[in-house]
1. To the nearest 20 Debye, how big is the dipole of the range 330-456 about its Cα centre, given +1 on the beta carbon of each Lys and Arg and -1 on that of each Asp and Glu?
2. Over the chain, what per residue volume does the convex hull of the Cα atoms give, in whole Å³?
3. In nm, what is the difference between 0.36 nm times the number of residues separating HIS347 and SER321 and their Cα-Cα distance?
4. Would you work out what percent of the accessible area of the range 182-280, with all protein chains in place, is carbon or sulfur (probe 1.4 Å)?
5. If we count every other residue with Cβ under 14 angstrom of MET333's Cβ, Lys/Arg +1 and Asp/Glu -1, where does the sum land?
6. Looking at the chain, identify the longest residue range that excludes and avoids all GluC sites (Glu not before Pro) in DSSP loops having at most 16 other Cβ atoms within 10 Å.
7. What does the accessible area per residue of the chain come to in Å², with a 1.4 Å probe and no ligands, DNA or RNA counted?
8. So which trypsin sites (Lys or Arg not before Pro) in the range 356-416 pass both tests, a DSSP loop state and at most 13 other Cβ atoms within 10 Å of the Cβ?
Amino acid sequence: MAARMTRRAFCGALAGTAGLAALPLRAAGPQTLTARVATAQIAPPHYAATEVWSYDNTLPGPTLRVPQGGRVVRRLINDLPVPTSIHWHGIRIENAMDGVAGLTQEAVPPGGTFDYDFTVPDAGTYWYHAHTNSFEQVARGLSGALIVEEAEAPEVDRDAVLVLDDWLLTPEDAQFMEPFGHPMSLSHGGRFGNLLGTNGTFDFARDVNANARLRLRLINASNARIFVLQLAGLDGWTVALDGMPLPAPEPVAAELILAPAQRIDLIVDVTAQDGDTAALLRLDDDDQWRPQARFPVHGKASATRRDPPSALPPNPHMTVSGIDSARRLELAMEGGAMGRMSGAMMHGRSMGFREMAQQGQFWALAGQVGMTDTPFAQLDRGETVRVKLTNDTAFPHAMHLHGMHFRQVTEDGSLGPMRDTILSYPNAPLEIAFVADNPGQWLFHCHMLGHAASGMTTWINVS
Ligand code: C2O
Ligand code: CU
């Protein structure tokens, strides 16, 4: 009897093997993301291809899609000539997987690997990018979209990820202009590209059907550019910001502001007619609206106008309670060109602005230049915190907190949408609040990446 069972089990196993052998061969082992040098035709075809740093040879990196509550398991293989690491921007992740070189992990040396393995609690539009010398590595192309899918996604005809970026290229041969950390850009608004585009090309276009309903996932992957956007031949609703669903869809504003690292999810209907081109437009420095993404329209409008979409299902833990009794902190942003800062603390000693500048540092957060041994704030797990952000500089800053989302506390005490990156304008203080429910060491920095590299990076500890 036992022998017969064994034999049957054996035959079954054999049959299984035969079946598998008929499948095309697939590499065994973990899924990977390989950071490596590649070329990409970002600029118009009469220019050379640009040498970029890529994930898996593509610009932007591959779009990762994972169901809400699922796991992202990726082995980073570093084929670059420099150390690197990956940060999963906006994911309320476990600290050890946050990818911050020097804080949550060692940078992965050339030839090395690191296994990222984490669950994704929240549905929405997120992204991943290098977090080692980000001001250079992200500018060279090391970023991609990370889409966490709702169990029941809203009904749309097309789900389109639009990674907005700009690239600063030499006009002669379309290679990245160096140095990446030029004192002029560090101390001013940051590194702005002279070529703008979407999904790795200057003239991104996708055909759409008349009357189609699209979900557009806008991601600003640029180093410093604040995109000002408008829809043409498209009409609809904003349904999520920085991955987090709005309580109700909101009609798209006349102008959408998308600061570095921010995301906006739109659900829009194509209102342009057959033969026209719908578009996402951006406002350029010369005050002209130009296409950031084009959608040539085909086919006759069939269905009549559809009902507005319902709200996306909320993510867990979106409530920021205990605002009134919350601990209050203040984070002053200071420095930069045309600023008033005379100096700040750097590596434990006070330093004048000129001496800071000689070391390539131009900014301070709460009086400190760059990373400190002790955190800006030591928080108890679960406590609610309010942080007042004062911008005493001549530039806007896109402040990003790792590990937790926050809400803006508006003047009248009501709470704004849940975000992970907020745009702060000069002399317009604002306040954010969050529940410190994710233990670990979390960066809090400006996502104008040159600013982050020249002083605007601090951290908090939650334990
Ligand atoms: Cu998008 Cu500190 O990162
Ligand atoms: Cu900044």
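The values are calculated or read from the model by the stated rules, or taken from the named source; none is laboratory data. The structure presented is a predicted model; accordingly, all values stated were derived computationally and were not measured. Every residue, glycine as well, gets a Cβ built from its backbone with ideal geometry; the counts of neighbours run over all protein chains shown. Just so you know, the surface numbers come from the protein's heavy atoms only, side chains and all, with ligands and any DNA or RNA stripped out. Shrake-Rupley method; radii C 1.70, N 1.55, O 1.52, S 1.80 Å.
1. Details: 8 positive and 12 negative charges, 54 e Å.
That gives a dipole near 260 debye.
2. Working: hull volume 93.7 nm³, N = 463.
Each residue corresponds to 202 Å³ of Cα convex hull volume.
3. Values: separation 26, 0.36 × 26 = 9.36 nm, distance 3.60 nm.
This chain segment gains 5.8 nm when fully extended.
4. Numbers: 1590 of 3050 Å².
Carbon and sulfur together cover 52 percent of it.
5. Spelling it out: positives minus negatives among the neighbours equals -2.
6. Working: sites that count: GLU94, GLU106, GLU150, GLU152, GLU155, GLU172, GLU255, GLU383, GLU411.
Maximal segment without exposed cleavage sites: 256-382.
7. Details: 20040 Å² over 463 residues.
For the chain, the per-residue accessible area is 43 Å².
8. Numbers: sites: ARG381, ARG386, LYS388, ARG407; in loops: ARG381.
Taking the range 356-416 and a limit of 13 other Cβ atoms within 10 Å, the loop trypsin sites (Lys or Arg not before Pro) found are ARG381.
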